[in-house]
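Quick note: the coordinates plus some simple rules give every number you see, no bench work behind them. Since the model is a prediction, treat every value here as computed from it, not as a measurement. Glycine also receives a Cβ, built like all others from the backbone with ideal geometry; neighbour counts cover every protein chain displayed.
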Amino acid sequence: MSDKNIPFTNYLPDIVAPEEEEESYVDYFYDEPGSAPGTLNIEEDATPSTIVLIDYTESKATRKVLPTPDACHPYLESQSVSWVDVQGLGSEAVLQRLGDVFKLHPLLLEDIVNVPQRPKVEDYESQLVIIAWMVMLNEEKEDPDDEAFISEQVSFVLSQNYLLTVQEEPKHDSFDRVRDRIRFNKGTIRKYKADYLAYALIDAIIDGFFPVLEEYGEQIENLENEVVANPTPKTLGKIYKIRRDLLALRRAIWPQRTAINNLIRDGSDLITPEVRIYLRDCYDHAIQVLDMVETYRELAAGLMDVYLSSVSNRMNEVMKLLTVISTIFIPLTFVVGVYGMNFNPERSPWNMPELNWYWGYPMVWLVMIAIALSLIFLFWRRGWFENFSSVDED
């Protein structure tokens, strides 16, 4: 599609960040004992910070990359809506200056930079702070053992005329549709203020959970067939991985639901009553996501029980087969054991006189075959051979 009719200027492609290994659990950040409040901890492999501005009114919209945080000054008090999106947490000087420009409390800046933090909402009078967790499908997944989703922290600082968002890295996010709505003036987003933009982004974050959960729903369905038909130790590893990932999703969505509820219940002067109604729909989506996560966790726990039962049943079938074979050979072993004793028939007429019979050897074979066939017939009549087919599937 040509960009000549698009009302954005300096529309630059997304910056690709280096590939990072994602974590399955959300391990919340904690300060080192004795560290000063407001201390920033920048990870060595963090992506350098890039400041992307989207400024819009109902009639026009502009997108540009700002060279420094000081370039944000003209947009802080403008009548337009300014979305300042900081992508990457690898530049301490940029982040410190950003805190000065936007007059962020040191503890607030610490929560933004020192990730991960627990999702929450805090009111700083002229600013409303929202910390959320965003998850997305891992589109670059090549190996089945790779993580199915990518997660990162997104921080919102809402004021009267601007919205500041801070992401861990610029490569992945769930905001493309919101950007397109602003870019092409779809819907009513450009008719509202910054609080509606914050709602739209939070709603995009919550909706981003659904594709991830659909992926896990398909994995659980495939595992159900595998657990019943052919359970292996590898199957057990898959079940543990799903349970671990679902726990990570639960830890991400549970406090997020509480944070959205606090926005609706406690309110804020920066959020209009009309936008608060939209947040109710967002809260409903969060409840739906949480219900799906809990349902899948119960299914995964059930898969573990089915796996153990299936392995136990297969072991019982193997033991039954071995028992049948052993039972058939026990009387045969007794017969050959008796005739394997070293008694001399010439010393006494009672010392195995049948050893001198002309048909003694064939008679012993006939007796052993008759015993074996009789036992096989008995076990067949009792139905002991009905379930042996499941043992042969491997």
- Item | Separation of the SER374 and TRP350 label points, Cα + 7 Å toward Cβ, nm | 2.6 nm
- Message: From the convex hull of the Cα coordinates of the stretch 169-318, what is the mean projected area in square nanometres?
- Response: 11.0 nm²
- Item | Structure-based [θ]222 nm, the chain - -39500 (n - 2.57) summed over DSSP H runs of at least 4, per residue, nearest 500 | -16500 deg cm²/dmol
- With 10 Å bins from zero, work out the P(r) of the stretch 261-349 over every alpha carbon pair and list the percent per bin. 13, 16, 13, 11, 10, 9, 8, 7, 6, 4, 3, 1
- Query: Restricting to the chain, what percent of DSSP beta bridges are antiparallel, rounded to 5?
  - Reply: 85 percent
- Residue (of LEU108, GLY90, MET315) at the positive-pole extreme of the chain, dipole from beta-carbon charges: MET315
- Item | Cα→Cβ-extended label distance, 7 Å offset, between THR62 and TRP359, nm | 11.5 nm
- Task: Could you pull out the longest piece of the chain with no exposed loop trypsin sites (Lys or Arg not before Pro) in it, calling a site exposed if DSSP puts it outside H, G, I, E, B and it has at most 15 other Cβ atoms within 10 Å?
- Result: 187-346
- ILE264/ASN313 FRET efficiency (R0 51 Å; Cβ-Cβ; nearest 0.05): 0.50
- Message: Would you work out the Kirkwood radius for the stretch 317-393? I mean one over the mean of 1/r across all pairs of different Cα atoms, in Å.
- Response: 14.8 Å
- Lys, Arg +1 and Asp, Glu -1 on Cβ, resulting dipole of the stretch 317-393 about Cα centre, debye, nearest 20: 240 debye
- Message: Over the chain, what is the relative contact order in percent, taking alpha-carbon pairs closer than 8 angstrom and at least six residues apart?
- Response: 15 percent
- Item | For the stretch 195-264 and the stretch 82-120, distance of Cα centres in Å | 28 Å
- Tensor-based shape of the stretch 182-229 (alpha-carbon gyration tensor, a/c under 1.5 rounded, otherwise prolate or oblate): prolate
- With label points set 7 Å from each Cα along the Cα-to-Cβ direction at LEU332 and ASP180, the distance between them in nm comes to 7.2 nm
- Which length gain, in nm to one decimal place, applies between ALA93 and GLU224 when the Cα-Cα distance is subtracted from 0.36 nm times their residue separation? 42.0 nm
